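Taking it in order: structure first as C-alpha cells, then the write-up.
We did not get these values from a lab; they are worked out from the coordinates using the rules stated. Bear in mind the structure is a predicted one, so any value in this text is a computation, not a measurement. Backbone-built Cβ (ideal geometry, glycine too); neighbour counts: all protein chains shown.
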Amino acid sequence: MSIQAKTKPKTAANRENLVQVRCFQTKFGWIAIAVRPSTLYGLVFGYKSRAPAEMALRRLLPDIRLKNGSVCVTMTNNQVGNYESILPSRLERFAEGDDVDFRDIQIVTDHLTPFGCRVVLACRRVAWGQTRTYGALASECGSPKAARAVGQVMASNRFPLVVPCHRILAAGGGVGGFSAPGGVRLKRRLLEMERVPGKPGEGALDPLGEGVLR
C-alpha cells in the first residue's frame, strides 16, 4: 500500500525520501520498523500479530507521513534494501540469542532534547550482557542527580533493542520499568537471554503474558 502526500514522478530523489514500514515475526513477537535506506525512524516489538505491530508503530510516529514531505509506504518483500533488509535480519538473529551489535545503525534524534541525545548515546554504549542503573547513566551524561529524567527518556525510547533500554535498571538491583508489551516480564526475559547467549529458552516468551509463542 502506498500513501502519497502529492503526486510526483518516482525519481531516484523521491525514492530517497520514502519512509518505509516493514513488519516481520521473531521469537520475541512481531516487530515493525520505519526506515529510510540509512536511517531508522522508529521500532516496536513484542506484538502477537502484524496488525497491532503496525498500529503501534503509527501511534509512535503519528507525523511520519508528512514530516519533511515524506511518503509512507508498506513494503513488499521484493522491495527491500539497505536497512530495510539488514536490520530485520539482525533483529531476527538477536531474538535467536545472538550477540548483535546495533551501534552502527543511524537513528533519528530530532525529537530528543540535548540531554535526551546524551542519554541515548550513553545507553547505546551498554553492550550485550552489561547493565547500568538509571543513576549511573545520568552520571555518565554529566547529570548525576537526573536518574528520574533518564528513566523518562528510556520510557519514551523509539528504538528498543537498537537503543537497549532493557539494560538500564533501577538502583538496588530492581529491574525498573519497560514500556514494550509484556512490560517488566519481557525485560527480564531479554536480560536472561543476554546472560546465556544462544539459549533463549523453550520457545519464546509470549510478550502479552499468555504462554509461549511457537
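Want the number for Arg93 to Ala51: 0.36 nm per residue separation, take away the alpha-carbon distance, what's left?
That pair, Arg93 and Ala51, stretches by 12.9 nm at full extension.
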Listed peptides 159-167, 141-149 by packing density, highest first (mean Cβ within 10 Å): 159-167, 141-149
Protection proxy ranking, peptides 170-177, 31-38, 51-58, 126-133, average beta carbon neighbours within 10 Å, highest first: 31-38, 51-58, 126-133, 170-177
Estimated distance in nm for a label pair at Gln106 and Arg125, the labels positioned 7 Å out from Cα along Cα-to-Cβ: 2.2
Approximate spin-label separation Cys117-Ala155, in nm, with each point projected 7 Å along Cα-to-Cβ: 2.4
Projected label distance in nm at Arg195 and Arg59, using a 7 Å step from Cα toward the beta-carbon: 3.1
Theoretical FRET efficiency, 1/(1+(r/R0)^6), r = Cβ-Cβ of Val175 and Ser38, R0 41 Å, to 0.05: 0.75
Proximal charge balance of Ile168 [Cβ under 10 Å; K/R count +1, D/E count -1]: +3
